[in-house]
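Below is one structure; the comments refer to it alone.
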Amino acid sequence: DIKLKELMIRLEADVDEIIGLGLKGVKLHPDIQQFKIDDPRMMRIYEVCEGRLPILLHTGDSRFDYSNPNRVKPVLDYYKNLTVIGAHLGGWSVWDAAVKTLSKYENFYVDCSSSLYTLSAEKAKELIMAYGTKKVLFGTDYPMWDLQKELESFMQLDLTEEEREDIFYNNAAKLFEINQM
């Protein structure tokens, strides 16, 4: 199909441009953009980004079905070399379902932005530990709330200094191939 071939060429050119600009990933927000994460039309984007650019996805919201963990699972099952970062600890307001469904995937990371304000410190730590502190990022998804309050909430979590350093910097440096000093 000629249109499909043209679309793939354009998508590949877009990803090349993103990489050429030095950008480190792509953000998609299914709830705002109104697409289901596992919509077949989205597979072309995942295919072009696989192995080249991580995709940060808004994940989870009990009010919508676009971004729930069950929609992320088939993408991770099929695109084994696609790095996906699930914003809001993998599933805003459906955290337990997200952990149960997504924590086993090696290519799935989470960001803790815009979640800590609504979770107890104990629950937030439980979720972080379920994914593993080597797969959690801080600040990848711009927080909707006051950054200072997000930071204060994070610092209240019972984590070691090494775990904090991983979440604040080391994990992102590795994932986004940022030169470490």
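The values are calculated or read from the model by the stated rules, or taken from the named source; none is laboratory data. These figures come from a predicted structure and were not determined experimentally. Glycine also receives a Cβ, built like all others from the backbone with ideal geometry; neighbour counts cover every protein chain displayed. Areas reflect the complete protein model, heavy atoms only, side chains present, ligands, DNA and RNA absent. Shrake-Rupley method; radii C 1.70, N 1.55, O 1.52, S 1.80 Å.
Looking at region 97-113, I want the residues that are free of Cβ contacts under 8 Å to residues at least 24 places away in the same chain and at negative phi and have a partner that is surrounded by fewer than 24 Cβ atoms within 10 Å (Cβ to Cβ) and in a helix (DSSP H, G or I) with Cβ atoms under 6 Å, at least 6 apart or on another chain. Which pairs are those? Correct list of pairs: empty, since none qualify.
Note on region 119-141: residues that are open to solvent by 40 Å² or more (accessible area, probe 1.4 Å) and of a type in the set (Asp, Glu) total 2. Of the helices (runs of 4 or more DSSP H) lying entirely inside region 125-176, the ones with 3 or more residues being modelled with pLDDT under 95 are found at 147-155.
Among the residues of region 54-86, those identified as assigned to a loop (DSSP other than H, G, I, E, B), within 19 Å of residue 174 (Cβ to Cβ) and either touching a residue at least 40 places away in the same chain (Cβ under 8 Å) or over 12 Å from the mean Cα position of the chain (by Cα) (or both) are 54, 80, 81, 83. Screening residue 39 against (1) modelled with pLDDT under 95; (2) open to solvent by less than 70 Å² (accessible area, probe 1.4 Å) leaves a single unmet condition, (1). Among the candidates 131, 105, the residue that is of a type in the set (Ser, Thr, Tyr) and under 17 Å from residue 157 (Cβ atoms) is uniquely 131. When the residues of region 102-117 are filtered to those that are of a type outside the set (A, V, I, L, M, F, W, C) and assigned to a strand (DSSP E or B), which remaining residue is most open to solvent (accessible area, probe 1.4 Å)? Only one residue fits best here, namely 109. Report whether or not residue 99 is within 26 Å of residue 178 (Cα to Cα) and among the hydrophobic types (A, V, I, L, M, F, W, C). So residue 99 fails the test. Evaluating residue 30 against the criteria (1) within 14 Å of the chain's Cα centre (by Cα); (2) within 25 Å of residue 134 (Cβ to Cβ) leaves one unmet condition, (2). For region 147-172, a residue qualifies if it is open to solvent by 80 Å² or more (accessible area, probe 1.4 Å) and not basic (Lys, Arg), and the qualifying residues are 147, 148, 152, 155, 156, 158, 161, 162, 165, 169. Is region 56-63 home to any residue that is farther than 30 Å from residue 5 by Cα, open to solvent by 10 Å² or more (accessible area, probe 1.4 Å) and of a type in the set (Lys, Arg)? Yes, that holds for at least one residue.
Only one of 48, 99, 26, 84 is buried (at least 20 other Cβ atoms within 10 Å of the Cβ) and within 16 Å of residue 11 (Cβ to Cβ); which? Just a single option satisfies the conditions, and that option is 48.
Residue count for region 18-53, restricted to those that are part of a loop (DSSP other than H, G, I, E, B) and of a type outside the set (S, T, N, Q): 15. Residue 9 satisfies every condition listed in (1) open to solvent by 90 Å² or more (accessible area, probe 1.4 Å); (2) closer than 28 Å to residue 178 by Cβ except (2).
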